[in-house]
1. Given the criterion more than 15 Å from the chain's Cα centre (by Cα), modelled with pLDDT of 95 or more and open to solvent by less than 20 Å² (accessible area, probe 1.4 Å), identify the matching residue among 193, 98, 174, 148.
2. Restricting region 44-72 to residues that are in contact with a Lys or Arg (Cβ under 9 Å, 6 or more places away or on another chain) and assigned to a loop (DSSP other than H, G, I, E, B), which is farthest from ligand 2 (Cβ to nearest atom)?
3. Is it fair to say residue 90 is crowded, with 17+ Cβ neighbours inside 10 Å, touching a residue at least 60 places away in the same chain (Cβ under 8 Å) and within 16 Å of ligand 1 (Cβ to nearest atom)?
4. Just give me the residues in region 43-61 being more than 7 Å from ligand 1 (Cβ to nearest atom) and either among the small types (Gly, Ala, Ser) or open to solvent by 10 Å² or more (accessible area, probe 1.4 Å) (or both), in sequence order.
5. Can you list the helices (runs of 4 or more DSSP H) lying wholly within region 125-239 that have 1 or more residues being in contact with a Pro (Cβ under 9 Å, 6 or more places away or on another chain)?
Amino acid sequence: MSSGASLAVHDITSGYGTVQVLDGVSLTADPGTITAVLGANGAGKTTLLRTIGGFLRPSRGRVLLDGTDVAHRRPEDIARSGVAHVPEGQGVITELTVAENLRLGAMLRPRAGRAAALDETYQRFGALAERRNLAAGSLSGGERQMLVIARALLAAPRVLLLDEPSLGLAPKIVASVMDLVRRLRDEVGLTIVLVEQNARSALSIADQGVVLNLGRVVARDQASVLAADEALRRHYLGF
Ligand SMILES: Nc1ncnc2c1ncn2[C@@H]1O[C@H](COP(=O)(O)OP(=O)(O)O)[C@@H](O)[C@H]1O
Ligand SMILES: [Mg+2]
């Protein structure tokens, strides 16, 4: 069973003011799948996620959520439609406790379901349950990444946009973050767009991948096919 929505990005052109970054980018993600968006620093990965999330308005193209174009809606409306965006940088509110950070995430839900959703979160994230009364600023990088993902999940999304969740984490922690992302697909059925510079890790859990270079798609295929393409790896994926 899948709780995920289908996501289709059609021919998006987007950027910052007069600076065009993305040029005709498309991708299609089936419900309950992981799509890795790969490419070097500056390729346009973050710009793509921000455009899907509504923080940037595309000058051309469509963003379809279960077939409905949301490209020109406001970010809060897109969030309410079921798209959760976890930006780069493990941004928790450091002065608040873990529990307070999570309660903020639950605000997007109807009041009646919040307590149960928080209980479920603590069951899924044992490390956060143990640390619930500590300041979020005292968490390790890996724990902060768990917290921002857990907080995003509390909005009950159908599409999860993750921007470089492995950035700055030790290899062992990266593996546990990837394992979490895989479980969110397999156990929750979420549709996940996973932006990563760590292409090897992302492709190890993804169903498919899209490779960006200078704002254009230069390759798209099943994850296993991309991971086996030595020329692609050498030119664009760095492993
Ligand atoms: N706020 C901004 N204003 C202008 N240009 C930006 C801004 N943010 C990013 N860019 C430019 O957009 C391009 C793509 O950036 P980004 O989407 O952040 O790439 P990635 O996430 O793949 O590293 C880069 O050339 C970057 O300099
Ligand atoms: Mg980025």
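The values are calculated or read from the model by the stated rules, or taken from the named source; none is laboratory data. All of these numbers come straight from a predicted model, not from anything done at the bench. Reconstructed Cβ throughout: ideal geometry from the backbone, glycine too, with neighbour counts over all protein chains shown. In case anyone asks, the SASA skips ligands and DNA or RNA and just uses the protein heavy atoms, side chains included. Shrake-Rupley method; radii C 1.70, N 1.55, O 1.52, S 1.80 Å.
1. One residue alone meets the criteria, 98.
2. Going through the qualifying residues, I end up with 66.
3. Criteria met by residue 90.
4. 50, 53, 54, 55, 56, 57, 59, 60, 61
5. 141-153, 171-183, 199-205
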